[in-house]
Ligand code: NAD
Ligand code: UFG
């Protein structure tokens, strides 16, 4: 029998790329998404790419009755929990909405899993839980802290899941701390489709390249980095998706509560990314140097050797491929999924 995976937030950016890998590896996929930050078209594209179908429930995870009903109908084996609100700046403005959505949806999901005896959970955490790290590269045992409500919601969920595991050792929970996901599926048919003005670097640059925005604002050039601009560990979304499959396989070995960084271990500055994108697109990316963005840190990159050792996972796609794939998606879909 095929393993049936419930993917919450599956219509979103990372979820849709992960579902492709799941379907290609013969998992059966059920999606719950309220489409608050995504479009159903992404799942249609996933079906086109793979030639396989996805069972989709347009349901809010806050709706415990509907979630319970889905668990009754579907006989879920494992869950990958992507659903959540993720805009750092917005989380500072409307913290209650972030805490309510991200925390309560996780509680509702875990209650349904408990009731229906589902033991395996993969959770989307973030490198943001390391706050401003004292050193790089970052290993999983670094101290954790949060600098905004979004990050705090991730940190609190990690703690809740750890408490849950302590109360029931038969659970298997993989916390995946993503570094900076970028790129798109090779087909150019799915990719990141932010609402309004992009907060993140790669989609912003892509919109400058396609002339939807005039110029990139580079937030700060006085950091202690090789060119003064912020350094991050950009990871191709397809590598990230593969990491979820390796984590699911790991859960079948009953490891208990485990935590992994998913990053490449390489740091690139904002201007490095601009150069790589110019090379990939053949376009010039005009930019202005402006003040630092509040809450940003200088440098963040992973030591991802634990995932390599224990999951047999390693990112294989470099910055050029990330930019080429982002550009293909942007060029083929200037207005995203619309
Ligand atoms: P996304 O916004 O594209 O996907 C999240 C999906 O969850 C969306 O489709 C949204 O409609 C859905 N959703 C939100 N609240 C919901 C609810 N209450 N009920 C049902 N569906 C709901 O974001 P993404 O980039 O794919 O991120 C996926 C996960 O990874 C998120 O938890 C995010 O915090 C985490 N993460 C993302 C990044 C990043 O930079 N993209 C980095 C680290 C961690
Ligand atoms: N940047 C700019 N101009 C922009 C956007 C970003 O210069 O218009 C710079 C930032 O200052 C930073 C780098 O580009 O130095 C990356 O910024 P992003 O906003 O793309 O990503 P962050 O590292 O700030 O944060 C992202 C997600 C978080 C997540 C974190 C770690 O937005 O949710 O990665 O995974 F927690």
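Can you name every one of the helices (runs of 4 or more DSSP H) wholly within segment 26-98 that holds 3 or more residues which are within 16 Å of ligand 2 (Cβ to nearest atom) and either over 22 Å from residue 240 (Cα atoms) or modelled with pLDDT of 95 or more (or both)?
88-93
Yes or no: segment 269-280 includes at least one residue that is more than 16 Å from the chain's Cα centre (by Cα) and not in a helix (DSSP H, G or I).
The answer is yes, given that some residue of segment 269-280 is more than 16 Å from the chain's Cα centre (by Cα) and not in a helix (DSSP H, G or I).
Among the residues of segment 193-241, which ones are touching a strand residue (DSSP E or B) at 6+ places or on another chain (Cβ under 7 Å), part of a loop (DSSP other than H, G, I, E, B) and within 8 Å of ligand 2 (Cβ to nearest atom)?
229, 230
Given the conditions (1) at pLDDT 95 or above; (2) more than 10 Å from ligand 1 (Cβ to nearest atom); (3) more than 30 Å from residue 316 (Cβ to Cβ), which single one is not true for residue 142?
Evaluating residue 142 over (1) at pLDDT 95 or above; (2) more than 10 Å from ligand 1 (Cβ to nearest atom); (3) more than 30 Å from residue 316 (Cβ to Cβ) leaves (3) as the failure.
Residues are listed down the side, and each one gets a yes or a no for (1) away from ligand 2 (no atom under 16 Å from the Cβ); (2) free of Cβ contacts under 8 Å to residues at least 40 places away in the same chain; (3) over 14 Å from the mean Cα position of the chain (by Cα):
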| site | (1), (2), (3) |
| --- | --- |
| 153 | no, no, yes |
| 159 | yes, yes, yes |
| 164 | yes, no, yes |
| 170 | yes, no, yes |
| 178 | no, no, no |
| 189 | yes, no, yes |
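Which is in a helix (DSSP H, G or I), farther than 30 Å from residue 292 by Cβ and within 14 Å of ligand 1 (Cβ to nearest atom), of 161, 121?
Result of the check over 161, 121: 161.
Residue 199 versus (1) surrounded by 18 or more Cβ atoms within 10 Å (Cβ to Cβ); (2) within 12 Å of ligand 1 (Cβ to nearest atom): which is the lone unmet condition?
(1)
Every residue in segment 11-25 that is outside any helix (DSSP H, G or I) and over 22 Å from residue 85 (Cα atoms), please.
Scanning segment 11-25 gives a single hit, 25.
The values are calculated or read from the model by the stated rules, or taken from the named source; none is laboratory data. Given the structure is predicted, the values throughout are model-derived calculations rather than measurements. Because the Cβ atoms are built from the backbone with ideal geometry, glycine has one as well, and the counts that use them run over all protein chains shown.
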